[in-house]
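One structure below.
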Amino acid sequence: MPAPLIRAQAAAAQLVYALPRPLRRAVAGRQIRLDGQDLALDAQLLLRLQQLTGSSLVHESVEKSRIRLDGARHLVSGPPLPMQTREVVIPGTGGNLDATLYTPAGLPAPSGLLVFFHGGGWVIGTRASHDGAARFLAQHAGVRVLSVEYRLAPEHPFPSAADDAVDAFNYAHAKAADLGADPDRIAVGGDSAGGNLAAVTALLTSRGDGPAPAFQLLFYPAVDLSARRRSREIFGDGFFLTDEHMDWFANHYAPPGVDRTDVRMSPLLADDHTGLPPAYIATAGFDPLRDEGEAYAAKLTEAGVPVALSRQEDLIHGYINFLGVGRRFREATAEAAGALRVGLS
């Protein structure tokens, strides 16, 4: 998408969100109520703008989907919060991984650190697509954030991303002093597929002989690729992430023949969840992934793991990437940042 067009569309989105509420409601359409939940006006307006511009998570090919996402991030992420950034190279078992370290101004060392994995169905998404979310969490939680560029499918199918995520956490712990972090206050986190990788990392490292995270921050995580739940049937069309998209992502990450009950892909199915780090798990009410995220929270709770489950019942999948429009997305993400601040205090 040409830069002038992106700027024009971003300006138009800002104008729409600045309209008086009655006009925003007129643009968005009649209030959507489903499964006992009312969709937030900010979310409904975003879906309407997406519909009008023909935007989508998936565009025919992997390459086109990646290009379109890179352009679309400028429309809704807002201006970047100012802070220090440093590029980091993480040696991994599958090759070097690029990462960005975000440090808010005035943050002393050592501080808490969030090792962050971006969403995008293990196929699309980058550090750049989640730059706004990483900056927001760093600023509002008062921690450093190490955002990791893990390998993507289909070029690198399962378990490449999971292996990279574990390597990134182990690196962060081993190099905590270099990163300005306290090795005892390192969390893992991410959204959607990134939430999956964070949950998998917490599970695998907690079962090993090495270090484990102090906290896990999971936004609408995918935690079971082997089953369909009720929320996928209810919200599988028209709410940003669709049922068709989920199949497209899963088939690239775990092609036919791959065991989707493998706990490195479906951590909900692990036999034992005791001893995992405390977790903040956020789900979105109008999200196909809602029910599996909440099932994971229940599973951890049953295992005695301290869990804060927060259903943002009026929001849609992907909300941590929409911080530049409206207010509701920032409110929900700020709540999570507060949980991270407490979890790493």
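The values are calculated or read from the model by the stated rules, or taken from the named source; none is laboratory data. The shown structure was predicted, so the numbers you read here are calculated from the model rather than taken from an experiment. Cβ: placed from backbone, ideal geometry, glycine included. Neighbour counts: every protein chain shown. Side chains are part of the model used for accessible areas, which takes the heavy atoms of the whole protein and leaves out ligands, DNA and RNA. Shrake-Rupley method; radii C 1.70, N 1.55, O 1.52, S 1.80 Å.
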> Out of all the residues in segment 225-252, which are assigned to a helix (DSSP H, G or I), under 19 Å from Trp122 (Cα atoms) and not basic (Lys, Arg)?
Replying inline: Asp243, Glu244, His245, Met246, Asp247, Trp248, Phe249, Ala250, Asn251, His252
>> Among (1) open to solvent by less than 20 Å² (accessible area, probe 1.4 Å); (2) on the phi < 0 side of the Ramachandran plot; (3) touching a Phe, Trp or Tyr at 6+ places or on another chain (Cβ under 7 Å), there is one condition Pro157 misses while meeting the rest; what is its number?
In response: (1)
> In segment 137-156, what count of residues is obtained for those that are in contact (Cβ under 8 Å) with a residue 60 or more places away in the chain and either of a type in the set (Val, Ile, Thr) or touching a helix residue (DSSP H, G or I) at 6+ places or on another chain (Cβ under 6 Å) (or both)?
Replying inline: 7
> Do the conditions hold for Ala165, that is, is it closer than 18 Å to Thr201 by Cβ, without any contact (Cβ under 8 Å) to a residue 60 or more places away in the chain, assigned to a helix (DSSP H, G or I) and within 15 Å of the chain's Cα centre (by Cα)?
Replying inline: yes
>> Please count how many residues of segment 128-154 are surrounded by fewer than 20 Cβ atoms within 10 Å (Cβ to Cβ) and of a type in the set (Lys, Arg).
In response: 1
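Yes/no per residue for (1) more than 30 Å from Glu244 (Cα to Cα); (2) open to solvent by less than 40 Å² (accessible area, probe 1.4 Å):
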residue: Thr103; (1), (2): yes, yes
residue: Pro108; (1), (2): yes, no
residue: Leu113; (1), (2): yes, yes
residue: Phe116; (1), (2): no, yes
residue: Thr126; (1), (2): no, no
> What number of residues within segment 302-345 are open to solvent by 30 Å² or more (accessible area, probe 1.4 Å), out of contact with any strand residue (DSSP E or B) (no Cβ under 8 Å at 6 or more places or on another chain) and within 11 Å of Ala43 (Cα to Cα)?
Replying inline: 1
> Does segment 253-267 contain at least one residue that is open to solvent by less than 60 Å² (accessible area, probe 1.4 Å) and either touching a strand residue (DSSP E or B) at 6+ places or on another chain (Cβ under 8 Å) or on the phi > 0 side of the Ramachandran plot (or both)?
Replying inline: no
> Out of curiosity, is Glu60 open to solvent by 50 Å² or more (accessible area, probe 1.4 Å) and at pLDDT below 95?
Replying inline: yes
>> Can you pull out every residue in segment 279-298 that is under 28 Å from Arg185 (Cβ atoms) and surrounded by fewer than 19 Cβ atoms within 10 Å (Cβ to Cβ)?
In response: Glu294, Ala298
>> Taking the criterion of being open to solvent by 30 Å² or more (accessible area, probe 1.4 Å) and not in a strand (DSSP E or B), would at least one residue in segment 181-190 satisfy it?
In response: no
>> If I ask for residues that are closer than 28 Å to Leu113 by Cβ, of a type in the set (A, V, I, L, M) and within 19 Å of the chain's Cα centre (by Cα), which ones from segment 46-87 would you list?
In response: Leu69, Val76, Leu81
